[in-house]
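Trainee: Quick one: this structure, given as structure tokens, is what I'll be asking you about.
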Amino acid sequence: MRKHMFIFGAILAYLLFCSKSCDSPNPEDTTSIEVELGKTKDSIKDEFESEDLSRKTLRAFETKAKEKLVDFSDYLNLYAGHSLDDTMKNQVRQAISELFISDSIIIKMKVLPETNENNLKLNAFLTSDIFAIYDSVGFRIDSVEVLKHLGRKADFSYAGILKFTQSTDVFLSPDNSKIITAHKTVDFSAVKVNRTFGADTLQIWKVLLGNIE
């Protein structure tokens with residue numbers, strides 16, 4: 001947690017120095033700011049742009065993957081609700097998409113009691129009519145554990161697998177509901193993505209979810 005707070009503070013400092021450098025006409029102040037800015041940028045690069053990740057960082061990324069999986073469940077509950085207007089629904093859908101490495105990953109989940117599990121790509125899963133058939137659908141993801149720790153892949157990314165229990169409460173009516181429970185796995189990866197910090201674009205590591213089976 002302290003490490004993450006330091007990184008967050010470094011980014012804020014970086015952006016602050018960028019802002020000050022535009023406002024201050026004093027050459028001495030500008031030089032001092034540039035020195036501090038250089039140190040901050042180097043610190044960020046050391047943390048985020050390294051080619052190899054330490055064991056400690058990999059374990060932290062595994063924790064982050066667990067959090068994103070739970071976020072997926074929370075977003076699904078919002079998305080499945082009937083109270084959101086189209087604008088909010090699109091925003092939630094975008095938030096869900098950003099948890100995953102691509103829109104073409106496969107979601108294999110049994111949502112309807114009378115149907116089998118379907119292998120649907122993320123886009124197809126989110127645009128299907130499975131969320132509109134019943135009064136409400138409630139998703140829960142718990143008992144999340146690392147099945148396979150993050151390991152290096154040939155393309156210089158890292159990949160791992162989580163296992164978890166997924167429960168779906170399907171409310172046919174206020175007095176009639178069914179619960180579906182299944183044991184699932186989800187792939188997850190640590191990959192490098194481009195991020196903008198002030199006027200600079202850095203390649204940083206990010207954890208993203210993959211196929212759910």
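Trainee: Any residue that is β-branched (Val, Ile, Thr), over 24 Å from residue 188 (Cβ atoms) and modelled with pLDDT under 90 - is there at least one of those in the stretch 82-97?
Mentor: no
Trainee: List, please: which pairs have Cβ atoms under 9 Å, are six or more places apart or on different chains, and start with a residue in the stretch 175-195 that is more than 15 Å from residue 211 (Cβ to Cβ) and open to solvent by 30 Å² or more (accessible area, probe 1.4 Å) and end with one that is outside any strand (DSSP E or B) and at pLDDT 85 or above?
Mentor: Short answer, once both residue conditions are applied: 192/157.
Trainee: Mind checking whether some residue in the stretch 124-142 is surrounded by 15 or more Cβ atoms within 10 Å (Cβ to Cβ), closer than 26 Å to residue 52 by Cβ and at pLDDT 85 or above?
Mentor: Within the stretch 124-142, none of the residues are surrounded by 15 or more Cβ atoms within 10 Å (Cβ to Cβ), closer than 26 Å to residue 52 by Cβ and at pLDDT 85 or above.
Trainee: May I ask you to list the residues in the stretch 25-58 that are open to solvent by 70 Å² or more (accessible area, probe 1.4 Å) and either at pLDDT 90 or above or among the hydroxyl-bearing types (Ser, Thr, Tyr) (or both)?
Mentor: Residues satisfying the conditions are 31, 55, 56.
Trainee: For the stretch 59-110, which positions are free of Cβ contacts under 8 Å to residues at least 24 places away in the same chain and surrounded by 19 or more Cβ atoms within 10 Å (Cβ to Cβ)?
Mentor: Passing the criteria: only 92.
Trainee: Mind checking which residues of the stretch 147-174 are in contact with a helix residue (DSSP H, G or I) (Cβ under 9 Å, 6 or more places away or on another chain) and either free of Cβ contacts under 8 Å to residues at least 12 places away in the same chain or open to solvent by 40 Å² or more (accessible area, probe 1.4 Å) (or both)?
Mentor: Of everything in the stretch 147-174, those that are in contact with a helix residue (DSSP H, G or I) (Cβ under 9 Å, 6 or more places away or on another chain) and either free of Cβ contacts under 8 Å to residues at least 12 places away in the same chain or open to solvent by 40 Å² or more (accessible area, probe 1.4 Å) (or both) turn out to be 149, 151.
Trainee: Moving on to the next point. Of all residues in the stretch 182-213, which are out of contact with any Leu (no Cβ under 8 Å at 6 or more places or on another chain) and outside any strand (DSSP E or B)?
Mentor: Matches in the stretch 182-213: 199, 213.
The values are calculated or read from the model by the stated rules, or taken from the named source; none is laboratory data. Note that the structure is predicted; figures quoted are calculated from it, not measured. Methodologically, a virtual Cβ is constructed for each residue, glycine included, from the backbone with ideal geometry; neighbour enumeration extends over all protein chains shown. All accessible areas refer to the heavy atoms of the entire protein, side chains included, with ligands and DNA or RNA removed. Shrake-Rupley method; radii C 1.70, N 1.55, O 1.52, S 1.80 Å.
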